[in-house]
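Peer 1: Could you have a look at this structure, given as structure tokens, before my questions?
The values are calculated or read from the model by the stated rules, or taken from the named source; none is laboratory data. What you are looking at is a predicted structure, and each value in this text was computed from that prediction instead of being measured. So basically every Cβ, Gly included, is an ideal-geometry build from the backbone, and we count neighbours across all protein chains shown.
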Amino acid sequence: MNRLFISAAHKSSGKTTVCIGLCAALRARGEIVQPFKKGPDYIDPLWLGLAAGRPCYNLDAYLMGADEIRAQVARGMRGATLGIVEGNKGLYDGLDLHGSNSNAAMAALLGTPVVLVIDARGMTRGIAPLILGYQAFDPNIRIAGVILNQLGGSRHEAKLRAVIEHYTGVPVLGAVQHDERIAIVERHLGLVPSNEAEGARRRIEEIAAHIAAQVDLDRVLAIAREAPPLPAGAPAPQAAAGPPVRIGIARDAAFGFYYPGDLEALCAAGAELVSFDALHAEHLPAVDGLFIGGGFPETHMEALAANASLRRELHEAIEGGMPAYAECGGLMYLARGIEWDGRRAEMAGVIPADIVMHRRPVGRGYVHLRETGHGLWPRPPVAQAPVIHAHEFHHSSVENLAPDAAFAYEVERGHGIDGRHDGIVHKNLLASYAHLRDVAGNPWARRFVDFVRSRMHAA
């Protein structure tokens, strides 16, 4: 299982761009590249998955156990010749004093050599103590090489290489010059997603060409081959017995925040996923339930509003009792309307509330939810953890919600709808700001599919 862990000294060092380029450049050389992303994230995995040609799986130590993470990597690596894990933030950044949730802890858990991406703007001799400090801070972490990024030219590169060679034993695997042509546009939630970015494949090709020309790919592969074997991963869950259910899933430029592992769990639970385009499809497909995930409905609100026939069919279906689950952007779409920057657009009008966008995040980070008993899905076995760990990241708030609204969750950590509740329950709809992960402690996919199936029988 050849693999690398790509991290950085701090966030915004350009490691995502480097990872995208490595995935695409090595794929072009014949490697079967399997990407992974540490932590909760949808946007970077979309780019990494497109660059590698394989779904990118998230590895999250806050939501997953150690054995579960190792099993996910081993299972994801089947059929691949190279695994690339992209970290989040800096190598030693984490949620607690001891760094238990850090990139370094993840790299140690997976026994994976680390390649450090360093934004070297304005640096010369000072890069040596930086690298030496990162080496010495945790002797269990092997920094197998560095990739210098955002260099100011060939003279700058030569100085840095000489300093690193003289003071450290860490090989320089590449030196990437500053170039605006390979930048990916950012906005309020980070990079523009690849499902929305015009010419995403062309941009990936440009990034790959730059990385291939400025990074020693042979040395990168040699380091990846030094990773020790991982234990064999558990097999993917078998498809559930019972009649299949058809679940419509909004997948387009407005809605694209779905974890591949969760979609696989839905299928394993007996769901056939039927994609539809909320921006352009005039009619809902013939389905038994709906899943509308997160995304950026606010940047497409005029187009969503213009598709009045689909909004009307969504409203009629959910008001008629069709089971539905919506996360964040999906919640926003099912409300009465979205207000942003002095503009308003009408949405599906299922949830009796209005959505208002704000300049700063309203809810951001991991959340702890406790079920109220007003939820719709079958209750989990008693052995399951009573508190659900999930995450949220939204710049919007729910306004003018009816005071008698029912909620599926009490929020013990996080913001949710109002700082105390999340998971609006309306008819057979559950809509929340929280993004769930289908993991051992929260098998939500099977619960949702079982609920859809039970409503089919009730009908």
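Peer 1: Mind counting the residues in the stretch 102-146 that are touching a residue at least 60 places away in the same chain (Cβ under 8 Å) and either in a loop (DSSP other than H, G, I, E, B) or touching a His at 6+ places or on another chain (Cβ under 8 Å) (or both)?
Peer 2: Number satisfying all stated conditions: 4.
Peer 1: Then there's this: When the residues of the stretch 18-32 are narrowed to those that are surrounded by fewer than 24 Cβ atoms within 10 Å (Cβ to Cβ) and not charged (D, E, K, R), which ends up nearest to the chain's Cα centre (by Cα)?
Peer 2: By that ranking, first place goes to ILE32.
Peer 1: Of all residues being assigned to a loop (DSSP other than H, G, I, E, B) and in contact with a Phe, Trp or Tyr (Cβ under 6 Å, 6 or more places away or on another chain) in the stretch 281-296, which is nearest to ALA345 (Cα to Cα)? Just the residue, please.
Peer 2: Once the filter is applied, the top-ranked residue is GLY293.
Peer 1: Looking only at the stretch 357-373, decide whether some residue is closer than 17 Å to GLY294 by Cα and in contact with a helix residue (DSSP H, G or I) (Cβ under 9 Å, 6 or more places away or on another chain).
Peer 2: Yes, the conditions are met somewhere in the stretch 357-373.
Peer 1: Is it the case that the stretch 367-381 has a residue that's surrounded by fewer than 19 Cβ atoms within 10 Å (Cβ to Cβ), at pLDDT 95 or above, touching a Lys or Arg at 6+ places or on another chain (Cβ under 7 Å) and closer than 23 Å to PHE257 by Cα?
Peer 2: So far as the stretch 367-381 goes, yes, one or more of its residues are surrounded by fewer than 19 Cβ atoms within 10 Å (Cβ to Cβ), at pLDDT 95 or above, touching a Lys or Arg at 6+ places or on another chain (Cβ under 7 Å) and closer than 23 Å to PHE257 by Cα.
Peer 1: So which of VAL163, VAL85, VAL117, VAL146 is in contact with a helix residue (DSSP H, G or I) (Cβ under 8 Å, 6 or more places away or on another chain), at pLDDT 95 or above, surrounded by fewer than 21 Cβ atoms within 10 Å (Cβ to Cβ) and aliphatic (A, V, I, L, M)?
Peer 2: Within the list VAL163, VAL85, VAL117, VAL146, the selection yields VAL163.
Peer 1: Considering only residues that are of a type in the set (Lys, Arg) and part of a helix (DSSP H, G or I), look in the stretch 1-43 and name the one that is modelled with the highest pLDDT.
Peer 2: It comes out as ARG27.
Peer 1: Among (1) assigned to a strand (DSSP E or B); (2) under 15 Å from THR17 (Cβ atoms); (3) not small (Gly, Ala, Ser), which single condition is LEU46 missing?
Peer 2: Going through the list (1) assigned to a strand (DSSP E or B); (2) under 15 Å from THR17 (Cβ atoms); (3) not small (Gly, Ala, Ser), LEU46 breaks only (1).
Peer 1: Residues that are assigned by TED's automatic domain parsing to the domain that holds ARG420, among the basic types (Lys, Arg) and surrounded by fewer than 19 Cβ atoms within 10 Å (Cβ to Cβ): list the strands (runs of 3 or more DSSP E) wholly contained in the stretch 297-364 that include at least 2 such residues.
Peer 2: On the way: elements: 324-327, 335-340, 343-346, 351-357.
Answer list for the stretch 297-364: 343-346.
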